[in-house]
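*Asks:* Have a look at the structure that comes next, please.
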Amino acid sequence: MVVSAHPLASEIGVNILKKGGNAADATIAVQFALAVVYPSAGNIGGGGFFVYRENNGHCSALDFREKAPLMASPDMYLDSNNNVVKDLSLYSHLAVGVPGTVDGMVNIHNKYGQLPWVELVQPAIDLADNGFELTKREADKLNRFNKRNNTNNNISEYYKDHYLEGDSIFLPQLSTTLTQIRDFKRSGFYKGEVAQMLVNEMKINGGMITQEDLDSYHSIWRKPIISYYKDYKVISMSLPSSGGILLTQMLKMAEHYPLRDYGFHSLKSVHVMTEIEKLSFADRAKYLGDPDFYDFPEKSLMDSLYLLKRINKIKMDSALLSSDVHAGELNLKESEETTHFSIVDKYGNASSLTTTLNGSFGSGIVVGGAGFLLNNEMDDFSIQPGYPNMYGLVGGEANSVEPSKRMLSSMTPTILEKDGKLFMVLGTPGGSTIITAVFQTIINVVEYDMDIDQAVNSPRFHHQWYPDEIKMEKGIAKDSNLVLQLKAMGHQLNFVSSMNRVDAVVLKRNKLFGGADKRGDDLVSSY
Ligand code: GLY
């Protein structure tokens, strides 16, 4: 079964599984297909995280996150008065981190691949060559993107001004780039013509990425974060994504409250989960960043006693003000626009992969001649202490810009086991809201006994410490008792039309059940 953000990508993944490929093979094919049919987040010019569980229970995690270029510096987004220059970290050539996706896919194939590499890249080439029809959502998204009027982005060479549902798109330059990747793997992207075009794109437009940056980029196998929630083993992504650590914190704090008795979206459950989210995001801002640069207090942050102390702050009758919440005191020795897919193969291997350009369509810059969009992941750094990134997240020293450093992420590709067996695979896009959406989807299944479709499609809420507000999906009525009571407790509410696209698989009684988020075109494809 494959659950992804685009029907064509899900189909391609299932075709690979039918041919005898495993979940890792399908992962690679879906990632490249999304780079063609889902350009707002699918990519070869971005990065992501991959969590894999083999059928023998062995787990691994791959970090193919982008890196800051070698020439990057902490003050690169500040003017001479030390003020942040608006949009420089978002929509300029300086916004682009060194892409990690192609190296990541090659690394996954080297470790787990069963089918030949060429068979995994070819379906994406065929889509780019033969064209594919736009869904209504994709046409609308491209039209909104075209209205963004940043310059020097080559967009008009690749995408038309206006699209209608059912229009076909052909991407010949992207096909040529994918063909290089098919034929030369890593070297097809980080060396040769494609690399030259990328470096040129940077040189003529004031960007920083050089051939040396491309040569020195490598994705890294990390130890996944493993924790337990009641009878469930939770396997999730480690730093430089904050996802696994924060999800662990949230679940461990939640374990102290009878959420099942409180009931789904009861005042008590929403209040408690909101306060837990606030406490976790305060820790994120102070303590987390790229583990290759500093030692971060991961273990202390996930320590049960520490988390028990943290929840002492929670009052059951009123909301904590964010200004009264701070990162915990540790006893230490010393961009919604991402996409996720979940895959389970007939052998019982499971893949959970979240990938992104950061903002929708990333920096909006297409590499001239090479036809692929570049990320704006540099905005995930804390570009000035306390200055919010595009998701409103604040940070400090731990996540400041440094040459070759990876920016802190919230991506949370996750796998759950029950009684030693695969139970659930899930993840979502949505920047900072990723972690809370994964947290709530797990609670929906485990505590509220929802089937996976209902768990994925129920309305969600989100608190990230700052801004001091609960973002609440409009599916929760503004005049509901829940909302009125939350306000009476002192919670500030901000209603948003929708958050996240959770794509998940659950294994129950030896049967797979898929949950595709109806907020998008997401599709469960299986055989
Ligand atoms: N670009 C969003 C994230 O990595 O969290």
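*Asks:* On the given criteria, is GLU337 among the acidic types (Asp, Glu), within 18 Å of PRO224 (Cα to Cα) and surrounded by fewer than 24 Cβ atoms within 10 Å (Cβ to Cβ)?
*Replies:* Taking the combined requirement at face value, the residue does not satisfy it.
*Asks:* Can you tell me how many residues in region 32-69 are within 16 Å of the ligand (Cβ to nearest atom) and outside any loop (DSSP other than H, G, I, E, B)?
*Replies:* Residues in region 32-69 being within 16 Å of the ligand (Cβ to nearest atom) and outside any loop (DSSP other than H, G, I, E, B): 11 in total.
*Asks:* Right, next: Considering only region 400-432, state which residues are among the hydroxyl-bearing types (Ser, Thr, Tyr), closer than 22 Å to LEU94 by Cα and either part of a strand (DSSP E or B) or more than 16 Å from the ligand (Cβ to nearest atom) (or both).
*Replies:* SER400, SER404, SER409
*Asks:* Out of ILE443, ILE415, which single residue is under 22 Å from SER266 (Cα atoms) and touching a Leu at 6+ places or on another chain (Cβ under 8 Å)?
*Replies:* Exactly one residue qualifies, and that residue is ILE443.
*Asks:* So, one more: Mind listing just one residue for me: the one in region 354-375 that is under 26 Å from PRO413 (Cβ atoms) and among the hydrophobic types (A, V, I, L, M, F, W, C) and, of those, surrounded by the most Cβ atoms within 10 Å (Cβ to Cβ)?
*Replies:* Among them, the one singled out is LEU357.
*Asks:* Okay, next question. Within region 161-186, take every residue that is open to solvent by 60 Å² or more (accessible area, probe 1.4 Å) and over 15 Å from GLU133 (Cα atoms) and give me the one that is modelled with the lowest pLDDT.
*Replies:* The selected residue is ASP161.
*Asks:* Among the numbered criteria (1) in contact with a Phe, Trp or Tyr (Cβ under 9 Å, 6 or more places away or on another chain); (2) more than 16 Å from the ligand (Cβ to nearest atom); (3) open to solvent by less than 40 Å² (accessible area, probe 1.4 Å), which one does HIS491 miss?
*Replies:* (1) is the only condition that HIS491 fails.
*Asks:* If you go through region 468-486 one residue at a time, how many are in contact with a strand residue (DSSP E or B) (Cβ under 8 Å, 6 or more places away or on another chain) and surrounded by 13 or more Cβ atoms within 10 Å (Cβ to Cβ)?
*Replies:* 8
*Asks:* Quick one: what pairs do we get from region 516-527, first residue of a type in the set (Phe, Trp, Tyr), second open to solvent by 50 Å² or more (accessible area, probe 1.4 Å), C-beta under 8 Å, 6+ apart or different chains?
*Replies:* Partner pairs satisfying both residue conditions: TYR527/LYS18.
*Asks:* Next question, about the same structure. Outside any loop (DSSP other than H, G, I, E, B), within 16 Å of the ligand (Cβ to nearest atom) and surrounded by fewer than 24 Cβ atoms within 10 Å (Cβ to Cβ): is that true of ALA437 in this structure?
*Replies:* In short, no.
*Asks:* Mind checking whether some residue in region 214-233 is more than 16 Å from the ligand (Cβ to nearest atom), assigned to a helix (DSSP H, G or I) and open to solvent by less than 10 Å² (accessible area, probe 1.4 Å)?
*Replies:* Within region 214-233, one or more residues are more than 16 Å from the ligand (Cβ to nearest atom), assigned to a helix (DSSP H, G or I) and open to solvent by less than 10 Å² (accessible area, probe 1.4 Å).
*Asks:* Within region 234-272, track down each residue that is outside any helix (DSSP H, G or I) and among the hydrophobic types (A, V, I, L, M, F, W, C).
*Replies:* Listed by number, the residues that qualify are VAL234, ILE235, MET237, LEU239, PHE264.
*Asks:* Okay, next question. Do you know which of the residues in region 1-22 that are of a type in the set (S, T, N, Q) and open to solvent by less than 30 Å² (accessible area, probe 1.4 Å) is farthest from LEU127 (Cα to Cα)?
*Replies:* For region 1-22, the residue satisfying everything is ASN22.
*Asks:* Mind telling me which of the residues ASP103, ASP87 ends up being within 25 Å of ASN358 (Cβ to Cβ), at pLDDT below 95 and either surrounded by fewer than 24 Cβ atoms within 10 Å (Cβ to Cβ) or not aliphatic (A, V, I, L, M) (or both)?
*Replies:* Of the residues listed, the single one that is within 25 Å of ASN358 (Cβ to Cβ), at pLDDT below 95 and either surrounded by fewer than 24 Cβ atoms within 10 Å (Cβ to Cβ) or not aliphatic (A, V, I, L, M) (or both) is ASP87.
*Asks:* Out of region 389-399, which residues are farther than 21 Å from THR428 by Cβ and either away from the ligand (no atom under 12 Å from the Cβ) or small (Gly, Ala, Ser) (or both)?
*Replies:* VAL394, GLY395, GLY396, GLU397, ALA398
*Asks:* Can you tell me how many residues within region 262-308 are farther than 17 Å from ILE245 by Cβ and open to solvent by less than 30 Å² (accessible area, probe 1.4 Å)?
*Replies:* 9
*Asks:* Considering (1) at pLDDT 95 or above; (2) outside any strand (DSSP E or B), say which one ASN153 fails and leave the rest.
*Replies:* Condition not satisfied by ASN153: (1).
*Asks:* Checking ASP126 against (1) closer than 28 Å to TYR52 by Cα; (2) under 23 Å from the mean Cα position of the chain (by Cα); (3) surrounded by 15 or more Cβ atoms within 10 Å (Cβ to Cβ): exactly one of these is not met. Which one?
*Replies:* Every listed condition holds for ASP126 apart from (2).
*Asks:* Being part of a helix (DSSP H, G or I) and of a type in the set (S, T, N, Q) is the filter; apply it to region 309-324 and report the residue that is surrounded by the most Cβ atoms within 10 Å (Cβ to Cβ).
*Replies:* SER322
*Asks:* Separate question: Let me spell it out: the conditions are (1) within 14 Å of ASP503 (Cα to Cα); (2) touching a helix residue (DSSP H, G or I) at 6+ places or on another chain (Cβ under 6 Å); (3) away from the ligand (no atom under 12 Å from the Cβ), and MET450 meets all of them except one. Which number is the exception?
*Replies:* (1)
The values are calculated or read from the model by the stated rules, or taken from the named source; none is laboratory data. Worth saying up front: this structure is predicted, and the values here are computed from it rather than measured. Methodologically, a virtual Cβ is constructed for each residue, glycine included, from the backbone with ideal geometry; neighbour enumeration extends over all protein chains shown. The accessibility values were calculated without ligands, DNA or RNA, using every heavy atom of the protein model including side chains. Shrake-Rupley method; radii C 1.70, N 1.55, O 1.52, S 1.80 Å.
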